[in-house]
Every structure is written in C-alpha cells, then in structure tokens.
Amino acid sequence: MEAPRNPRHLLALAAVFALTLSPALTIEVFTDREIYGNVASKVHLSCTFWSSEWISDDISVSWHFQPDNSRDTYSIFHYAKGEAHIDDTGLFKDRIEWVGYPRSKDGSIIIHNLDYSDNGTFTCDVKNPPDVVGKSSYVHLLVYDKAPVRAGMILGIIIGAALILVIIVALLAYLIRYCWLRRQIRVQRELSALERGKLHKLSKGSKGSRQAAPFFQAPLLSMLDQTRSFKSTSDKKSKGLGDSRKDRK
C-alpha cells in the first residue's frame, strides 16, 4: 500500500492546475465607432481602456491609420516609457497632439487642421504588461465641409424637447391647481367672515331690543293711563249732562 502524499504537495499541485486552467487576463480598449469633423478644424480621438493590472511603467499606447479605399496602414503615434513619439514625416506631420494620461486609463489624441485625406480608420492599441492580451479598438473619421447632424443627435434633441414640454405642462398644471386652491381657501375665509359678521350683528340687535324694551315701556304705560283717565272723565261729564237734562224736564 502506498503512503499518503504530503498535503502541501497536494495544495501546490492544485494551485498549478488552477493557474493552468484559468483564462489569460485581457485588456479592453474603447473608442467611438464613428466621428465627424470639418475641414481645417480639429477632432478629438478618444481612447480609454480597462486593465485588471495596476498601470505599470511599461504601458504603451499606439495609434495607426488606414485611409479609405486603401489597404496600407501607417503608424502615426506611439507612447512608451513615459514618452510620446509622434509621426514627423507622414500624413499627420505637426498635426497630432497627445492629450492622454495612461495613469487615468486614457490614451486619446487630437488631430489638427483636418483635410479630406484624413478620411479613414484609426486604431488604438494599449498594452499594460503583464496584461497584454486584448483587441484593438477602431474609430472611423469622416471629414466634411460642414459636419452633418447625426440621427442620434436629432433623436436626442427631439426627446429633450419633449421632456421640456412635459415639464412645462406639469408646472402649468401645478400652478393652475395651486391658484385654484388658494382662491377656494380665500372664498371660504370670506364666507366664514361674512357669516361671523351676520351672527355678530344679529346678536347685537337682540341685545339692543332687550335693552330698549324697559326704556319705552314706561312712556307707553303712562300714555295708556292718561287715555284711561281721560275716557273716564269724559264718561262722567256725559252722565252729568244727562242727569241735568232730566232734572230740567
């Protein structure tokens, strides 16, 4: 019977086996798919990347150009060891500006003084050892007298205008409702104030009538007494006259 193997050996074998089967690390590069420019203007060729490794001092960024209707590819820019090497003799002599910053995962360039001969495909390639496996990214440049408005831009403008219109309508509806509620509250307050005023007047009137009754009651009683006394005296006089007439007869 064989003796059992050392557990440390088993762990080492397992680690080697896992490293053998693990996929190779890849670097990912991102650019625009298509970009437009005007003659005699400049264009920003954006190139960003993602790497699973720390940005090393050996990182490199390369740009290549293939004109339209041509199979030839030209190296126009290369960054390595912290230095930028720009094409000084080719199509882009004195027209390329390095604006990238590899520490921020940016390898962009700017092309100045565009011309129709710049129509073509630009390729950005990034290596960050030991992360060197990955695909390059391509961007197609089209140079016009006047850059056309892209369909995506038109759609974005339409969507933005629609959103602004919806916001304006919502604000108007809110303001109308707010003003209506304020008016209802004001009307209710005015009505309640009027009702309180009427009740106050009625209460004052009832109090006044109660206070005025004793004031007018005494004169009325005296007038009634005078009327009664005058009536009794007149009755007595008429009786006296009747008796005197009888006596004369």
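The values are calculated or read from the model by the stated rules, or taken from the named source; none is laboratory data. Keep in mind that what you see is a predicted model, and the values were worked out from it rather than measured. Neighbour counts run over all protein chains shown; Cβ positions are idealised from the backbone, glycine included. Ligands, DNA and RNA are stripped out before the accessible areas are found, and what is left, the full protein with its side chains, is counted by its heavy atoms. Shrake-Rupley method; radii C 1.70, N 1.55, O 1.52, S 1.80 Å.
Points worth noting:
- R103 being more than 40 Å from the chain's Cα centre (by Cα) and outside any strand (DSSP E or B): no
- Check on G82, loosely packed, with under 14 Cβ neighbours inside 10 Å and over 15 Å from D57 (Cα atoms): no
- Residue satisfying condition, being touching a helix residue (DSSP H, G or I) at 6+ places or on another chain (Cβ under 7 Å) and modelled with pLDDT under 95, within set L91, L25, L21: L91
- Taken over segment 51-69, the criterion of being open to solvent by 30 Å² or more (accessible area, probe 1.4 Å) and under 17 Å from V139 (Cβ atoms) is satisfied by H64, Q66, D68.
- Unmet requirement for I158, which otherwise passes all of (1) within 30 Å of H85 (Cβ to Cβ); (2) in a helix (DSSP H, G or I): (1)
- The single condition from (1) more than 18 Å from S136 (Cα to Cα); (2) of a type outside the set (G, A, S); (3) modelled with pLDDT under 90 that E97 fails is (3).
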